[in-house]
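The structure appears right after this line, and notes come after that.
The values are calculated or read from the model by the stated rules, or taken from the named source; none is laboratory data. None of the values given here were measured: they were computed from a predicted structure. Using ideal geometry, Cβ is built from the backbone for each residue, glycine included, and neighbour counts are taken over all protein chains shown.
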């Protein structure tokens, strides 16, 4: 069996794979490290549709000649799904009340909804909230979707623009234990929410920078950043646990000396990596002229 990806023959030896489904599962795992995803496939020139997938997956690999796989970049797929979501929000807004009550049941079965559910679980939860008459307005959902679009289409600029917001929130973290002690529960909760939100944004944009190859390709640098993120995740969990227990002393220590310091270190490391990659690309382009 010959395997092609976007028309190019794949030079790979099959080992234990016996069915088309097993071959596709292995390639899907490999694609995850390349920033690409499946967009479709054909068998011996016949494009496979949703209703045919189950039967084709069971086919013996020796019963077919050519498996042609189509892929697209994950970033492009995310961006297109966000465009579709914005259109869906507009459709939802133009419905009457009765039609809105039925919208989510139809929307959740769409290709856009399934993709968002698989790739952006937090955004999917927000969509569920809006389309099921929760507290999140359609205008707020639209604003969030547009922000996600910028993270995909302009990840470098979007990441650089986080600096002032991060500094402001880290300053608020220092006052967090005092807010807890003095009964300023609303302000304390808002600080935690904002800190969590900016942390999630940093990690989301880092993912985009990584899969879109905006980062320096030095393996050691990348692994160091990944380790910093893993260590920070443990600190963040400990901070949130201490906050839930109302332990203002531990919250103060973790907020001022651990969480705020670590997230700034991660942000700086990613930004420096990104800028060094940009400088390297400029140098290479000038050398080619």
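Quick notes on this structure:
- Complete set of residues in region 91-115 that are surrounded by fewer than 11 Cβ atoms within 10 Å (Cβ to Cβ) and not in a helix (DSSP H, G or I): 94, 96, 109
- Within region 53-83, being exposed (fewer than 15 other Cβ atoms within 10 Å of the Cβ) and assigned to a helix (DSSP H, G or I) holds for 53, 54, 55, 62, 63, 80, 83.
- Hits in region 183-208 - residues which are more than 11 Å from the chain's Cα centre (by Cα), assigned to a helix (DSSP H, G or I) and surrounded by 15 or more Cβ atoms within 10 Å (Cβ to Cβ): 187, 188, 191, 192, 194, 195, 198, 199
- Condition check for residue 88: surrounded by 15 or more Cβ atoms within 10 Å (Cβ to Cβ) and part of a strand (DSSP E or B): no
- Any chance residue 48 is under 26 Å from residue 209 (Cβ atoms) and in contact with a helix residue (DSSP H, G or I) (Cβ under 9 Å, 6 or more places away or on another chain): no
- When 88, 33, 54, 105 are checked against the criterion of being modelled with pLDDT of 95 or more and either touching a helix residue (DSSP H, G or I) at 6+ places or on another chain (Cβ under 8 Å) or not assigned by TED's automatic domain parsing to the domain that holds residue 147 (or both), a single residue qualifies: 88.
- Every residue from region 163-182 that is surrounded by fewer than 17 Cβ atoms within 10 Å (Cβ to Cβ) and either at pLDDT 95 or above or under 28 Å from residue 224 (Cα atoms) (or both): 163, 164, 165, 167, 168, 171, 174
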